[in-house]
1. Only one of F240, F253, F245 is under 20 Å from D194 (Cα atoms) and under 16 Å from the mean Cα position of the chain (by Cα); which?
2. The conditions are (1) surrounded by fewer than 17 Cβ atoms within 10 Å (Cβ to Cβ); (2) in a helix (DSSP H, G or I), and A74 fails exactly one of them. Which is it?
3. Identify, please: which residue in segment 134-173 is of a type in the set (D, E, K, R) and surrounded by fewer than 17 Cβ atoms within 10 Å (Cβ to Cβ) and is, among those, modelled with the lowest pLDDT?
4. Could you tell me how many of the residues in segment 40-64 are in contact with a helix residue (DSSP H, G or I) (Cβ under 8 Å, 6 or more places away or on another chain) and under 13 Å from I12 (Cα atoms)?
5. Where residues in segment 174-213 are among the small types (G, A, S) and touching a helix residue (DSSP H, G or I) at 6+ places or on another chain (Cβ under 7 Å), which of them is modelled with the lowest pLDDT?
Amino acid sequence: MRFDENASGLVILILNWNNAPATLRCLDMISGWNRLKVEVIVVDNSSSDEDLALLGQAGTGFRLLQNNSNLGYAGGINVGISLALKEGFPFIMLLNSDAVIGEQCVSKQMECLSGSSDLGVIGPLCVEHGTIYSGGRNIGVYSNTRIPYDPADTGSILLPVDYVPGTALITRREAFEKIGLLDEEYFFSGEIADFCKRLHSSGLQCAVYCGCQATHTPDRNSAIRETIYNYYTLRNRFLFVRRHFHYSRGIFFIRWIAGGFVQIILALIRNRGRRARALWLGLRDGVSGRFGDRNDLFLD
């Protein structure tokens, strides 16, 4: 069955939180597409008035959903997913505002997804700071979950993976109908890996399409990455283990406790006090089972 670009049934969801300039660049990129028919929804996580004013400059071409509070990535994007399901869209794309992807790349992935009933999620190769990655590995087992792409390891255009990064992924509505929405207990980081893990358990596959690439340029030096990102990344390993490691939970708790202490010591040696504090709080909350929104820990 050939995919019809003019009747794709694809909705693109973009989450915005005080980052309107990046969101506007992403919208501008999509507005340059001329073949693929898509609907675009921006979900705003209670950004500042100034940020919302900037979004207002984008004019038409997208719908804006405004949340009354910061619901995190999982909660915020679930608002968009729920609307997309209610309105009957067969395919849903999650796209980071700081990602760049071509129209043809999206179209090729849609062809693959449309032609394979057992494929639940698909994403492209992802280029980040000069390195090409091909999906991710189990976040409950590995510290470095992203897989560097090696063409020699791939005998097919589709590469099965543990999870497809949320940078630019496309899924079918049946996936959400079968296993539910993103788990909001993660709040930020790990919810896509959890979603893909649940998909695998339900019999649907996750794969990276090796025929095209998206580019992702996160700010490595931002204060958010030093604190909030490190906190949730470590804390949510424990949540993932609680959710999916029923018989080896104790072993992997010990693994992440030990790994967390090593990261904290290294951060202190390198005089990165904010990182060390964020990791300690993540370790403490992960072990004790405090999940969901904990951004208040980093309010100065």
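The values are calculated or read from the model by the stated rules, or taken from the named source; none is laboratory data. Being a predicted model, the structure only gives us computed values, none of them experimental. Positions of Cβ are generated from backbone atoms using ideal geometry, with glycine treated the same way; all protein chains shown enter the neighbour counts.
1. Answer to the check: F240.
2. (1)
3. Looking at residues that are of a type in the set (D, E, K, R) and surrounded by fewer than 17 Cβ atoms within 10 Å (Cβ to Cβ), I get D153.
4. Count: 7.
5. Of everything passing the filter in segment 174-213, G211 is modelled with the lowest pLDDT.
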